[in-house]
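Participant: If you scroll down you'll find the structure; I have some questions about it.
The values are calculated or read from the model by the stated rules, or taken from the named source; none is laboratory data. Just so you know, these numbers come straight off a predicted model, no measurement behind them. Quick reminder, even Gly has a Cβ in these numbers, built from the backbone with ideal geometry, and neighbours come from all protein chains shown.
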Amino acid sequence: MTDAPPNAASVALVRGGKVLLIKRAYAPYQHLWTLPGGRIEPGESIEQCAAREVFEELAITIRNPRPVMVQALGRDLEFRLAVFVTTDFSGVLRASDEVADHKWVDPTALIAFRTTSRLDDVLARAFAVLAQS
């Protein structure tokens, strides 16, 4: 199952050295801080899924998402999450009802938040991808 293609995507939106985190309003991961994202829909590419989810949750349009990693998540590792990073986005942030809160966070401040598993490692990799450009 580890070789299966990703079935969900999330995006690290980075601006001025900070990343946009959202607090999930509903399961899975209710009340935890994480990156915006969600499950793929039939016929979508994983990049299209990432862009759609960010737009649905935040009304933000992303461009040029760069792949960071694929992470297995969930009790039975049922989610294979493709993580992307971008500094290229636009729109006026308007959180949907799926988002209980949102904040621009310096990655060094993550310790103050209840986050999804290994978010610190994910963000370290995302910032490393940006540093390579």
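Participant: Can you tell me how many residues within segment 30-64 are among the basic types (Lys, Arg) and either in contact with a strand residue (DSSP E or B) (Cβ under 6 Å, 6 or more places away or on another chain) or part of a loop (DSSP other than H, G, I, E, B) (or both)?
Facilitator: Of all residues in segment 30-64, those among the basic types (Lys, Arg) come to 39, 52, 63.
Keeping just the survivors that are either in contact with a strand residue (DSSP E or B) (Cβ under 6 Å, 6 or more places away or on another chain) or part of a loop (DSSP other than H, G, I, E, B) (or both) gives 39, 63.
Final tally of qualifying residues: 2.
Participant: Let me ask something else. For the subset of segment 48-65 comprising residues that are surrounded by 17 or more Cβ atoms within 10 Å (Cβ to Cβ) and not β-branched (Val, Ile, Thr), which member is nearest to Ala126 (Cα to Cα)? Break it down into steps so the answer makes sense when it comes.
Facilitator: From segment 48-65, those surrounded by 17 or more Cβ atoms within 10 Å (Cβ to Cβ) are 49-54, 57-58, 60, 62, 65; that's our starting set.
Narrowing further to those that are not β-branched (Val, Ile, Thr): 49-53, 57-58, 65.
Working: Cys49: 18, Ala50: 15, Ala51: 17, Arg52: 20, Glu53: 18, Glu57: 20, Leu58: 20, Pro65: 11 Å.
So the residue we want is Pro65.
Participant: Here's another thing I want to ask about it. Output the residues belonging to segment 91-126 that are over 22 Å from Val70 (Cβ atoms), touching a Ser or Thr at 6+ places or on another chain (Cβ under 6 Å) and surrounded by 15 or more Cβ atoms within 10 Å (Cβ to Cβ).
Facilitator: In the first step, residues of segment 91-126 are kept if they are over 22 Å from Val70 (Cβ atoms); the result is 91-106, 108-109, 111-114.
Narrowing the set further to residues that are touching a Ser or Thr at 6+ places or on another chain (Cβ under 6 Å) leaves 91.
Correct list: empty.
Participant: Only residues in segment 31-59 that are more than 16 Å from Ser90 (Cα to Cα) count as the first member; pair them with residues that are of a type in the set (S, T, N, Q) and buried (at least 23 other Cβ atoms within 10 Å of the Cβ), Cβ under 9 angstrom, at least 6 apart or cross-chain, and list the lot.
Facilitator: These pairs meet every condition: Thr34/Ser10; Leu35/Ser10; Gly37/Ser10; Gly38/Ser10.
Participant: To continue, here is another question. When segment 4-15 is examined, which residues are found to be farther than 17 Å from Ile60 by Cα, surrounded by fewer than 17 Cβ atoms within 10 Å (Cβ to Cβ) and at pLDDT 95 or above?
Facilitator: Scanning segment 4-15 gives a single hit, Asn7.
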